Amino acid sequence: MSDTRTHHEATASGARAAEPAATSAADSVRPALATRHRRGGSQLERRSARLGWLLSLPALLVVAGVLLFPIVYSVAMSFSHVQVTGDGVKLSGVTTDNYQVLFAADRWRHALFFTVLYTVVTVAVEMVLGTAIALVLERLKTGRGWMMALLLMPWAIVTVISAELWAYIYNGVYGVLNSVLQPLLGHDTNVLGTPLQAAGAMAVADVWKTTPFVAIIVLAGLVMLPGDIVEAARVDGARAWTVFWRVRLPLLRPTLAIAVMFRILQAFGLFDLPYVLTNGGPGTSTESLAVLGYRVLFNDLKFGPGAAVATTSAALVLIGCLAFLKVFRAQVGQEEN
């Protein structure tokens, strides 16, 4: 019995002595297994990334050919002497004459001023109206889907058709607006006949078409807001206007920034609405940068200055969007701090 007990005690003490060694061996093996797992995972991720790039390559080549090549070629054309021959367009040399002609032209400065002013006014009005409409739609319990469908109808109409419809409304002889105002004023009214009225009429048509787009984006942001924060503000006694201005509006800033970005890009590249509705007139009072570039390129066949108009317009949009994003990020950073 004593020998057996001694044998068991020796075995137990040996097992206890072997446990630290096994634990240390396991600890030494774990980092190696983890490293091997990370390597295997990283290799798998790299293979997946390469496969993704390979599958995306045809689409990227199409985008590069359709989008990037015209941009690069337009920039190169704006800095070159352009000659139009029977064989096509030839670029020779490097010059800044196209930009010197452009910056010295009163017509370009007027188109720039009109485009910037038009963009600021229409985007501001659309943001206010779109937010108000989104707040109304958010409170609807029934029929919200039908209201959203009806709201999107102006946005779904092609801009050229929308411009033609508004041209019939604004017509000074048989237009709907003239039929309403003629008995009141005692004479026919041609809204598109004076510069200020034509710009205002074009802005009304643009606001009518694009405000639903802003409303839908803002409505999506309102639906995604956390309800507990709003309820906490209401429990604390905050009124509806205070809740919106102090709580909901700051939370909506990312959504509003997206809407503003899209609208700036669309409004600054305004072409079809003034081209169809006013043809840039009266005179050149409603001529945007896009319309000016089109006329210089295809009507006057001045490819160098026309390319310079397009390049400067794209550069101004890029600078404006980057500046807006920088200010927006700075405001968000201050609020988080």
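The values are calculated or read from the model by the stated rules, or taken from the named source; none is laboratory data. As the structure is a computational prediction, the values presented were derived from the model and not from experiment. Quick reminder, even Gly has a Cβ in these numbers, built from the backbone with ideal geometry, and neighbours come from all protein chains shown. The area values use the complete protein model at the heavy-atom level, side chains included, leaving out ligands, DNA and RNA. Shrake-Rupley method; radii C 1.70, N 1.55, O 1.52, S 1.80 Å.
As an exercise, find the ratio Rg/Rh for the chain from alpha-carbon atoms, using the Kirkwood inverse-distance average for Rh.
Numbers: Rg = 32.6 Å, Rh = 26.1 Å.
Dividing the radius of gyration by the Kirkwood radius yields 1.25.
Leaving ligands, DNA and RNA out of it, report the carbon-plus-sulfur percent of the accessible area of the range 203-337 at a 1.4 Å probe.
Values: 4450 of 6860 Å².
Here carbon and sulfur together make up 65 percent of the probe-accessible area.
Taking θ = phi - 60°, what integer Hz values does the Karplus form 6.51 cos²θ - 1.76 cosθ + 1.60 yield along the range 99-112, in sequence order, with x for Gly and Pro?
Taking θ as phi minus 60°, the curve returns 6, 5, 5, 5, 5, 8, 8, 5, 5, 5, 5, 5, 5, 5 Hz for the range 99-112.
From the square roots a ≥ b ≥ c of the eigenvalues of the alpha-carbon gyration tensor of the range 112-241, which class results: rounded (a/c under 1.5), prolate (a/b over b/c), or oblate?
Numbers: a/c = 2.42, a/b = 2.18, b/c = 1.11.
Because a/c hits 1.5 or more and a/b exceeds b/c, the range 112-241 counts as prolate.
Give the cross-link partners of K141 among the lysines, using a straight C-alpha distance below 29 Å as the criterion and excluding same-chain residues fewer than 8 apart.
The qualifying lysines are K209.
Could you check which residue among A259, A267, A233 shows the biggest mean-square fluctuation in a GNM of the chain with a 10 Å Cα cutoff?
So, out of A259, A267, A233, the one fluctuating most is A233.
Take the chain, connect every pair of alpha-carbon atoms lying under 10 Å apart with a spring to form a Gaussian network, then pick out the residue of S313, S92, S288 with the largest mean-square fluctuation.
S92
Specify the residue with the greatest mean-square fluctuation among E287, E138, E231, computed from a Gaussian network of the chain linking alpha-carbon atoms under 10 Å apart.
Highest fluctuation among the options: E231.
What 222 nm value per residue comes from the helices of the chain, counting each DSSP H run with n ≥ 4 as -39,500 (n - 2.57) and dividing by all residues, nearest 500 deg cm²/dmol?
Numbers: 14 runs with 247 residues, N = 337.
Value at 222 nm, helices only: -24500 deg cm²/dmol.
DSSP loop (so not H, G, I, E, B), at most 15 other Cβ within 10 Å: list which trypsin sites (Lys or Arg not before Pro) in the range 58-158 pass both filters.
Values: sites: K90, R107, R109, R139, K141, R144; in loops: K141.
Listed in order of number, the matching sites are K141.
Decide, for the range 153-217, between rounded, prolate and oblate: order the square roots of the alpha carbon gyration tensor eigenvalues as a ≥ b ≥ c, take rounded if a/c falls under 1.5, and otherwise choose prolate if a/b is larger than b/c, else oblate.
Because a/c hits 1.5 or more and a/b exceeds b/c, the range 153-217 counts as prolate.
List, in order, the whole-Hz ³J(HN,Hα) value for each residue of the range 292-305 obtained from phi through the Karplus relation with A = 6.51, B = -1.76, C = 1.60 and θ = phi - 60°; use x for Gly and Pro.
The phi angles translate into 4, x, 4, 5, 5, 6, 9, 8, 8, 6, 9, 6, x, x Hz.
Kindly express, to the nearest 10 degrees and within the range 0 to 90, the angle between helix 2-63's C-alpha long axis and the longest C-alpha principal axis of the chain.
Its long axis makes an angle of about 20 degrees.
Which whole-Hz ³J(HN,Hα) couplings does the range 245-252 yield from phi under the Karplus relation 6.51 cos²θ - 1.76 cosθ + 1.60, θ = phi - 60°, glycine and proline marked x?
Taking θ as phi minus 60°, the curve returns 6, 9, 10, 6, 5, x, 6, 8 Hz for the range 245-252.
Measuring with a 1.4 Å probe in the full set of protein chains, what accessible area per residue, in whole Å², belongs to the chain?
Details: 21130 Å² over 337 residues.
Result: 63 Å² of accessible area for each residue.
By its C-alpha gyration tensor, with a ≥ b ≥ c as the square roots of the eigenvalues, how is the range 262-330 shaped: rounded for a/c under 1.5, else prolate for a/b larger than b/c, else oblate?
Working: a/c = 3.42, a/b = 1.67, b/c = 2.04.
Oblate, since a/c reaches 1.5 and b/c is not below a/b.
Using only C-alpha atoms and all pairs of different ones, pull out the Kirkwood radius for the range 184-232 in Å with one decimal. It would help to have the intermediate numbers written out before the result.
On the way: mean 1/r = 0.0700 Å⁻¹.
Kirkwood radius, the range 184-232: 14.3 Å.
Counting only residues 5 or more places away or on other chains, whose amide H sits under 5 Å from the amide H of T286 once H atoms are built in the peptide plane?
G281
Among N299, L55, S162, which residue has its Cα positioned farthest towards the positive end of the charge dipole of the chain, with +1 placed on the Cβ of Lys and Arg, -1 on the Cβ of Asp and Glu, and the dipole taken about the Cα centre?
Comparing the listed Cα positions along the dipole, L55 ranks first.
When Lys and Arg each count +1 and Asp and Glu each count -1, what net charge do the other residues less than 13 Å away from M77, Cβ to Cβ, add up to?
Working: positive: K90, K302; negative: D97.
Surrounding charge for M77 is +1.
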